[in-house]
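In what follows, a structure is listed as structure tokens, so that the remarks can point back to it.
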Amino acid sequence: MATTPSAEQLVGILRDTIVALVRRDGPDLTARQLGVFLTSYLHEGPHTVRGLAADLNVSKPAITRALDRLGELDLARRKVDPMDRRSILVQRTLKGTAFLRDLRSVMAEASTMARKPGGQHEVQRKVAHG
């Protein structure tokens, strides 16, 4: 029977995941960039700048800045909507899909370790040392 993690365990998993991402050789995303990335990848699209701004309750320029960075890292790309040339579509990339797969793996390991006695920070050590 699966148990629901406590708020403390969830915060620990979030912390361990973020620390693992920061320590590894890969993109270092801000919370806003990660929010835009995850919304684009986990919710069915198509996604537009306007739609992401509404979903995340932030301004369109904030979404544009986040997408600029995600585009630089090839985690997402923008394309003019052929049906409405005033609208910009956000597209997933192969590199973004791989990043999400890695993120899921790091989070799963952090979650497993959080449930073990004394294992709260073991995932950090494992990721840091390969």
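A few remarks follow.
- Looking only at the stretch 1-56, residues that are among the hydrophobic types (A, V, I, L, M, F, W, C) and either in a loop (DSSP other than H, G, I, E, B) or at positive phi (or both) come to 3 in all.
- One residue stands out in the stretch 43-55 among those that are surrounded by fewer than 16 Cβ atoms within 10 Å (Cβ to Cβ) and in contact (Cβ under 8 Å) with a residue 24 or more places away in the chain: the one that is farthest from L94 (Cα to Cα), namely R50.
- The stretch 57-91: number of residues that are touching a His at 6+ places or on another chain (Cβ under 9 Å) and either open to solvent by 70 Å² or more (accessible area, probe 1.4 Å) or under 30 Å from P5 (Cα atoms) (or both): 0
- Scoring P117 on the criteria (1) assigned to a loop (DSSP other than H, G, I, E, B); (2) modelled with pLDDT of 95 or more; (3) within 29 Å of G12 (Cβ to Cβ) leaves a single failure, condition (2).
The values are calculated or read from the model by the stated rules, or taken from the named source; none is laboratory data. It should be emphasised that the depicted structure is a prediction, and the values quoted were computed from it without experimental measurement. Reconstructed Cβ throughout: ideal geometry from the backbone, glycine too, with neighbour counts over all protein chains shown. Note: areas computed on protein heavy atoms with side chains; ligands, DNA, RNA excluded. Shrake-Rupley method; radii C 1.70, N 1.55, O 1.52, S 1.80 Å.
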